[in-house]
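The values are calculated or read from the model by the stated rules, or taken from the named source; none is laboratory data. The model shown is predicted, which means the values in this text are computed figures rather than measured ones. Cβ atoms come from the backbone with ideal geometry, glycine included; neighbour counts cover every protein chain shown. Heavy atoms of the whole protein, side chains included, go into the accessibility calculation; ligands, DNA and RNA do not. Shrake-Rupley method; radii C 1.70, N 1.55, O 1.52, S 1.80 Å.
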Amino acid sequence: MTKQTTPNTTLNIQDYDFDLPEELIAQTPLLDRTSSRLLVMNKETGETSHRHFRDIIDYLHKGDTLVLNDTRVLPARLMGVKEDTGANIELLLLKQVEDDVWETLAKPAKKVKVGTIVSFGDGLLRAECTGILDHGGRHFKMIYDGIFYELLDQLGEMPLPPYIRGKLEDQNRYQTVFAKERGSAAAPTAGLHFTDELLTQIRDKGVNIAFITLHVGLGTFRPVSVESIEDHDMHSEFYRITQETAELINGTKQNGGRIVSVGTTSTRTLESVAQKFNGKLQEDSGWTDIFIFPGYEFKAVDGLITNFHLPKSTLVMLVSALSSRERILNAYTQAVDEQYRFFSFGDAMFIEPQKKETHP
């Protein structure tokens, strides 16, 4: 995917930095998913209001389409031992490269050479290193009897982000209630706020609900380490959009409804496909490394429900592109002042587009 900018766009990484007190990083999910707070910001004016997530229904209108990412997080963290030495090795599965071959992060990586075999669950699952990647990752071929995903459910742990220090009591709290397609290394966290009951209420209001799939890679969340944003390389992630979803979104736009994307992952999928097919959506699947930052012209998404993100991250740049850097950073300043909870288990923000007139 090509990166798009416009003249006079702020492209220095320091312009997307902000002070975030460590105590605002949410360590545990709330008992009630919908009780998290919701900062609503008008996309065009920057005007804000403070609500709770269950109030999102007040901002969605009949004829709008809400787009959710139905990816399911794999219990992708595996603890094993080297068969030759008994040394402890941790593997984090990032993405499936081909049948039974996975791109992984190994720890400690220096102990893992090509040919190293790691055993998990007393040999229920074994993995042989078949390649070392430029960024330090490893390719592992999985060796097992039975069904791989059943073994992973039995042996693996949920790969919580590094800023969450404790263990998660209920693994399902790091899954959305609509999680279906297995393959993510991290949750599409904006979707964690929804319950089945809230989704039913939204449907009953006449709002369409559509699903896409994007398997989230850990590269999405890493801070940008280069000074000029344009020099940053995104990791590619697998996406899929069905014909049903494509037709629903195209019809919504044609009828004057708004496309409200839930999370940056849904946004990146919709924009990848719209960019590929000249603004329209079609059934499609593949890999995307689209990098959206200010200067990008959105082709599919009107509004966005999202969590609060890391300073200097590509996600802060994406949400800035939908409104403006100044408006987003002002909203983030308010969120810090009002003690909003940040990151995966934190509170939410709705970048609200203007209401469109629905055609009869």
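Note on residue 51 and residue 32: the extension gain reaches 5.3 nm, defined as 0.36 nm multiplied by sequence separation minus the Cα-Cα distance.
Relative to the longest principal axis of the C-alpha atoms of the chain, give the angle of the C-alpha long axis of helix 325-337, reported between 0 and 90° and rounded to the nearest 10°. For helix 325-337, the angle is close to 70 degrees.
For the chain, what % of the accessible area comes from carbon and sulfur atoms, probe 1.4 Å? Using a 1.4 Å probe with all protein chains present, the chain comes out at 46 percent carbon and sulfur.
The residue among 336, 308, 290 whose Cα reaches farthest toward the positive pole of the charge dipole of the range 271-360, with charges on the beta-carbon of Lys, Arg, Asp and Glu, is 290.
When +1 charges are put on Lys and Arg Cβ atoms and -1 charges on Asp and Glu Cβ atoms, the dipole computed for the chain relative to its Cα centre reaches about 100 debye. With the highest mean first, a sort of the peptides 130-137, 14-21 on other beta-carbon atoms found within 10 angstrom per residue produces 14-21, 130-137.
With contributions of -39500 (n - 2.57) from each DSSP H run of at least four residues, the per-residue ellipticity at 222 nm computed over the chain stands at -5500 deg cm²/dmol. Taking 19 Å as the straight-line reach from the Cα of residue 299, the lysines in range (excluding those fewer than 8 positions away in the same chain) are 3, 43, 253, 276, 280, 355, 356. With the largest listed first and rounded to whole Å, the semi-axes of the equivalent ellipsoid of the range 77-157 from the Cα gyration tensor are 17, 15, 11.
DSSP bridge analysis restricted to the chain gives an antiparallel fraction near 70%, rounded to the nearest 5.
Among the GluC sites (Glu not before Pro) within the range 227-322, those in coil by DSSP and having at most 16 neighbouring Cβ atoms inside 10 Å are 227, 283, 297. Charging the Cβ of each Asp and Glu at -1 and of each Lys and Arg at +1, and nothing else, the dipole of the range 77-157 about its Cα centre rounds to 480 debye. A DSSP coil position with no more than 13 other Cβ atoms inside 10 Å describes the following GluC sites (Glu not before Pro) in the range 102-202: 169. Looking at the range 143-196, the trypsin sites (Lys or Arg not before Pro) that sit in a DSSP loop and have at most 13 other Cβ atoms within 10 Å of their own Cβ are 165, 167, 180. Angle of helix 243-254 to the longest C-alpha principal axis of the chain, folded into 0 to 90 degrees and rounded to 10: 20°.
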